[in-house]
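Here's the structure we're looking at; comments come further down.
Where a number appears in this text, it was derived from the coordinates with a stated rule and is not lab data. Quick caveat, the model's predicted, so the values are computed rather than measured. Note that we place each Cβ from the backbone using ideal geometry, even for glycine, and neighbour counts take in every protein chain shown.
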Amino acid sequence: MAASDKPTVLIPGPVEFDDAVLGAMSHPSESHVGGAFVNIFGETLSLLRKLFISEDPSAQPLVVSGSGTLGWDFVAANLIEPKEDVLVLHTGYFADSFASCIATYGGVPTQLKNPAGVGSRPTYEQIEQALKEKKYKAITITHTDTSTGVLNDIKAISEVVRRVSPETLIVVDGVCSVGCEEIRFDDWGLDCVVTASQKAIGVPAGLSICYLSGRAVRTFEERKTAPGSYFASFANWLPIMRNYEAKKPSYFATPSPQLVRALHTSLLQILSIPLEERFAAHKTASQKVKNAIAELGLKQLAQDPSQAANGMTAVYFPEGVTAQDVLPKLLGRGVVFAGGLHKEIATKYFRFGHMGVSVMNKDLGHIDKGINALKEALSESGYNGPK
Ligand SMILES: Cc1ncc(COP(=O)(O)O)c(C=O)c1O
């Protein structure tokens, strides 16, 4: 397909990819323990420290072949021991999955929900109360819940946890937030952020990225039981990551040199401007989308606009309009949006992803293209805005 015929992918991941990142994927085959690749991998790990705004030498980045889901296995297999309690903040689909993963390894997840339902998030009072009632080994927070577009305030939650239950590990699912939402790993006292390559980091799917505090590493090292996974065990990966960062060849399970090179290229691009500018650009693009949604008289899933994500927007269809109507009409206009995912209301809404190159390279015109296509597709479906 000619590049000009390719539809613009505006889903909450995978996102559109920069040409230089795709170019890095076509690097000829090389040894994963050869000097050239070891250097690139080592630099990539050091660049991740900058992405997480972290200078603590005891913190540890990991890059492993896999998708975002592998991050949950990392947490459940390594940081939590069987029968230990974990408080899972629920904002939608991804909390259910994280909780299932924790239970798979014998941990005991308790989901905390706001009774206001879909589009809400647990309040600080609820979190404080829950932490006072029971001792939790870890709390997990989905930063941006990709099923609802609800954003959690990691800094504020971290303050509550450190005040009420300082020994509880703070674990963030940043699959839909790292690279577009502010995360200050050291300053906010986080213990683990898991993410993946294909969203705001702007690299094709296939890399699971995890960032650990020194405390999280120690928690793993002091485990009384062996991790219940072989591939996901930190016992296998920590020495490899340390070696790569020290530019020493090392092997446990073959990495993908092409994907790691793509990540290296993307991180260099991301870090070529201050991260604050990147976060601000995502806020501006997000506001533009959300204003257009409001002008169209449509409602976001996020009940409180100040709790909405900046990398995506989840929107209810208007009365009488369905995904089967609108999504093909959008595709006819060269735009791909995602349908709903939250199981209670999956058919009732759609998701518009605005992350990465589609936001940072304004010349591409992706955001305007998405908004215009949406207006036209709704109009063709008989909906022309508020009466
Ligand atoms: C918030 C969140 N967590 C975890 C995942 C799982 O990631 P993956 O599909 O890459 O395994 C996703 C996927 O979209 C996600 O959005």
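In table form, for the structure just shown:
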read-out: Two-decimal Rg/Rh across the chain, once Rg and the Kirkwood Rh are taken from alpha-carbon atoms; value: 0.97
read-out: Listed residues Q126, S97, G107: farthest to the positive end of the dipole of the stretch 20-270 (Cβ charges); value: G107
read-out: Unit charges on C-beta of K, R, D, E only; dipole of the stretch 22-108, Debye; value: 160 debye
read-out: Total charge dipole magnitude, the stretch 52-97, about the Cα centre, Cβ charges on Lys, Arg, Asp, Glu only, Debye to nearest 20; value: 120 debye
read-out: Cβ-based charge dipole, the chain, positive-most Cα from G311, S67, G370; value: S67
read-out: Chain lengthening between A346 and V164 when straightened (0.36 nm per residue, less Cα-Cα); value: 61.9 nm
read-out: Within the chain, longest stretch free of exposed GluC sites (Glu not before Pro) [DSSP loop, at most 14 other beta carbons within 10 Å]; value: 56-166
read-out: Violating pairs (Cα-Cα greater than 31 angstrom) within the set K50/K132; K155/K369; K288/K343; K329/K387; K343/K369; K113/K329; value: K50/K132; K155/K369; K113/K329
read-out: Unit charges on C-beta of K, R, D, E only; dipole of the chain, Debye; value: 220 debye
read-out: Selection from A226, F337, L275 lying farthest towards where the dipole of the stretch 217-345 points positive, charges on Cβ; value: A226
read-out: Pairwise FRET efficiency - K362 versus A116, Cβ, R0 = 45 Å, nearest 0.05; value: 0.80
